[in-house]
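The values are calculated or read from the model by the stated rules, or taken from the named source; none is laboratory data. This is a predicted model, so every value here is computed, not measured. Here the Cβ is made from the backbone with ideal geometry for all residues, glycine too, and neighbour counts use every protein chain on show. With ligands, DNA and RNA removed, areas are computed over all heavy atoms of the protein, side chains included. Shrake-Rupley method; radii C 1.70, N 1.55, O 1.52, S 1.80 Å.
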Amino acid sequence: MNLRRDVFQAIADPTRRAILLLVATQSMTAGAIASKFNTARPTVSKHLQILTECELLKQEQSGREIYYKINAGKMKDVADFLEPFRQMWDDRFNKLEAIMKNYKPNE
């Protein structure tokens with residue numbers, strides 16, 4: 001198994017998660033992304049390569065520039081995986097809330 005192409009391995013890295021947050025609202029070039037980090041541009045380029053290989057980012061060429069944008073379909077795969085866990089925690093919090101509403105402290 002090639003870990004670079006695994007979505008969950010990719011989002012495990014805090015820098016890659018930060019990159020995903022940056023491009024979530026707008027497409028950006030590698031240079032624009034790199035300018036937001038206090039690290040060497042080749043390091044950011046490597047992160048972009050990993051995110052592209054696992055299809056969390058898409059590349060679009062516009063003239064000489066390559067823009068990176070979020071691949072919402074692949075992000076949905078991550079959300080779908082997490083959904084049962086979210087439901088489990090929602091159920092637990094709802095049960096706790098019901099208990100707390102019925103709680104009467106001893107006076």
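Of all residues being of a type in the set (A, V, I, L, M, F, W, C) and under 11 Å from L57 (Cβ atoms) in segment 13-22, which is farthest from the chain's Cα centre (by Cα)? Just the residue, please.
Applying the first criterion (of a type in the set (A, V, I, L, M, F, W, C)) to segment 13-22 yields 18-22.
Restricting the remaining residues to those that are under 11 Å from L57 (Cβ atoms) gives 19-20, 22.
Numbers: I19: 8, L20: 5, L22: 10 Å.
For segment 13-22, the residue satisfying everything is L22.
Of all residues in segment 1-44, count the ones that are surrounded by 14 or more Cβ atoms within 10 Å (Cβ to Cβ), over 18 Å from K76 (Cα atoms) and small (G, A, S).
4
Any chance you could count how many residues in segment 15-70 are basic (K, R) and in contact with a Leu (Cβ under 9 Å, 6 or more places away or on another chain)?
Within segment 15-70, the subset basic (K, R) is 16-17, 36, 41, 46, 58, 64, 69.
Narrowing the set further to residues that are in contact with a Leu (Cβ under 9 Å, 6 or more places away or on another chain) leaves 16, 36, 69.
Number of matching residues: 3.
Which one of these does L96 not meet: (1) of a type outside the set (G, A, S); (2) assigned to a helix (DSSP H, G or I); (3) in contact with a strand residue (DSSP E or B) (Cβ under 9 Å, 6 or more places away or on another chain)?
(3)
Please verify whether segment 84-104 includes one or more residues that are within 30 Å of S45 (Cβ to Cβ), open to solvent by less than 70 Å² (accessible area, probe 1.4 Å), without any contact (Cβ under 8 Å) to a residue 12 or more places away in the chain and not basic (K, R).
At the first step, the residues of segment 84-104 found to be within 30 Å of S45 (Cβ to Cβ) are none.
No, that holds for no residue.
Tell me which residues, restricted to segment 46-77, are outside any helix (DSSP H, G or I), touching a residue at least 40 places away in the same chain (Cβ under 8 Å) and open to solvent by less than 40 Å² (accessible area, probe 1.4 Å).
C54, L56, Y68
Only one residue in T29, T52, T25 is hydroxyl-bearing (S, T, Y), farther than 19 Å from A10 by Cα and under 17 Å from the mean Cα position of the chain (by Cα). Which one?
None of the others qualify; the one that does is T25.
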